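Report on one structure; see the data block that follows.
Read-outs: derived from the displayed coordinates by stated rules, not from any lab. Values in this document were obtained by computation on a predicted structure and should not be read as measured data. Methodologically, a virtual Cβ is constructed for each residue, glycine included, from the backbone with ideal geometry; neighbour enumeration extends over all protein chains shown.
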Amino acid sequence: QVQLVESGGGLVQAGGSLRLSCAASGRGFSSYAMGWFRQAPGKERESVGVISGSGSTTYYTDSVKGRFTITRDNAKNTMSLQMNNLKPEDTAVYYCAAGTSFGGLWGGSSAYWGQGTQVTVSS
């Protein structure tokens, strides 16, 4: 069993930066692929990016490549999402998730989800 708690959301102007964190409790953190997802009002949830259990592999959706970076610290059971050059279309509730496979997690197959944190980017 893994519990996930996101933090770091807020209101930022376009072009600004935010850093989201996901703290995990439970066993076996490093064995899970971790990912960030987002859901804007009236839209379906989308995958933002995924990181492998070791942290050596990451994958991002095209719209955030070059702007967002996912990292993890397995010693601290944490994962972060550094978001730079934010755009109004990045406004959404952001969720962290853990999954047993990298590819499965990218497709939304997650064993565990956090409660979400709101990110609002003003123009």
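In the chain, the C-alpha radius of gyration followed by the widest Cα-Cα span (Dmax) gives 13.3, 41 angstrom. Under the convention that each Lys and Arg Cβ holds +1 and each Asp and Glu Cβ holds -1, the size of the dipole of the stretch 21-119 around its Cα centre is about 160 debye. Taking 21 Å as the straight-line reach from the Cα of LYS65, the lysines in range (excluding those fewer than 8 positions away in the same chain) are LYS43, LYS87. Per-residue ellipticity at 222 nm computed for the chain from its helices equals -1000 deg cm²/dmol, with DSSP H segments shorter than 4 residues left out and the rest contributing -39,500 (n - 2.57).
Fully extending the segment from THR71 to GLN1 would add 23.0 nm, taking 0.36 nm per residue of separation and subtracting the current Cα-Cα distance.
So what's the net charge close to LEU18: Lys and Arg +1, Asp and Glu -1, counting the other residues with Cβ under 13 Å from its Cβ? Local net charge: +2.
Order 101-108, 32-39, 67-74 from most to least packed using the mean count of other Cβ atoms within 10 Å. Spell out each step's value before the answer.
Details: 101-108: 15.9, 32-39: 23.9, 67-74: 17.5.
So the peptides 101-108, 32-39, 67-74, ranked by packing, come out 32-39, 67-74, 101-108.
Rounded to whole Å and ordered largest first, report the semi-axes of the equivalent ellipsoid of the stretch 62-123 derived from its Cα gyration tensor (root of 5λ).
On the way: eigenvalues 97, 38, 32 Å².
Semi-axes, largest first: 22, 14, 13 Å.
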